[in-house]
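Remarks on the structure that follows.
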Amino acid sequence: GENVEQHPSTLSVQEGDSAVIKCTYSDSASNYFPWYKQELGKRPQLIIDIRSNVGEKKDQRIAVTLNKTAKHFSLHITETQPEDSAVYFCAATPYKYIFGTGTRLKVLA
Amino acid sequence: NAGVTQTPKFRILKIGQSMTLQCAQDMNHNYMYWYRQDPGMGLKLIYYSVGAGITDKGEVPNGYNVSRSTTEDFPLRLELAAPSQTSVYFCASSLGLPEYEQYFGPGTRLTVT
């Protein structure tokens, strides 16, 4: 069935380094790929998204890349800061949202 | 705009009790969703609705019921609560599917003992 695999499940980086989280989806009909950030005890919030007619999108320190042929997309965070520490979820949307299992990012000061 | 609101924020239920989790949105979104998030885990879809009067099951519907009589409200009913239903419940809404952002409510933390 449809699923989204997300790796790694946990990621620790030093402040100022880059972080990369990868997702692979199964349904080739997927055409919208959002990323959500969830801080401890808070609700998930959209941080960036990409549509299937675009290969890369940037917003300040975060970027997302999409490879439709390989069915994978990645979140890149540069110059990480302590406030980037959170759980990040990817999702793919064929006809409904299918969320990945999440990546817990820790930025070490 | 209040966005998506949920009540209550916290609740403790005894096994076998029932309750309704309330969800409302003021963004005139057609699509609404209920997710549960177990500790340290991802989001699992319980039910969703594409408009007033239309609901459908998600991945984990057993033990829950929903109704959608208005565009704004999407309550989730728990019948005969069980410890396995201890979780954080998030309601969300979106303008449509699939290429639209989902807006999440603040969540309801439910404990069943």
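Pairs meeting the criteria (first residue in region B:1-13 and among the charged types (D, E, K, R), second residue open to solvent by 100 Å² or more (accessible area, probe 1.4 Å), beta carbons under 9 Å, at least 6 apart or on different chains) are B:K9/B:R109; B:R11/B:R109.
Acidic (D, E) and touching a residue at least 40 places away in the same chain (Cβ under 8 Å), is that true of B:D26? For B:D26, the condition - acidic (D, E) and touching a residue at least 40 places away in the same chain (Cβ under 8 Å) - is met.
Taking region A:55-100, which residues are in a loop (DSSP other than H, G, I, E, B), more than 24 Å from B:L95 (Cα to Cα) and either in contact (Cβ under 8 Å) with a residue 60 or more places away in the chain or within 14 Å of chain B (Cβ to nearest Cβ) (or both)?
Within region A:55-100, A:T78, A:E79, A:T80, A:Q81 meet the criteria.
Of the strands (runs of 3 or more DSSP E) entirely within chain B, those holding at least 3 residues that are within 13 Å of another protein chain (Cβ to nearest Cβ) occupy B:4-7, B:31-37, B:43-51, B:87-94. The number of residues in region A:38-51 that are open to solvent by less than 40 Å² (accessible area, probe 1.4 Å) and touching a residue at least 24 places away in the same chain (Cβ under 8 Å) comes to 3. Out of the residues in region A:4-17 meeting the condition of being closer than 18 Å to A:C90 by Cα and not in a strand (DSSP E or B), tell me which one is least open to solvent (accessible area, probe 1.4 Å). The qualifying residue least open to solvent (accessible area, probe 1.4 Å) is A:P8.
The values are calculated or read from the model by the stated rules, or taken from the named source; none is laboratory data. Everything numeric in this text was worked out from a predicted model, so none of it was measured. A quick note on method: Cβ atoms are made from the backbone with ideal geometry, for glycine too, and the neighbour counts reach across all protein chains shown. Only protein heavy atoms, including side chains, enter the accessible area calculation; ligands, DNA and RNA are left aside. Shrake-Rupley method; radii C 1.70, N 1.55, O 1.52, S 1.80 Å.
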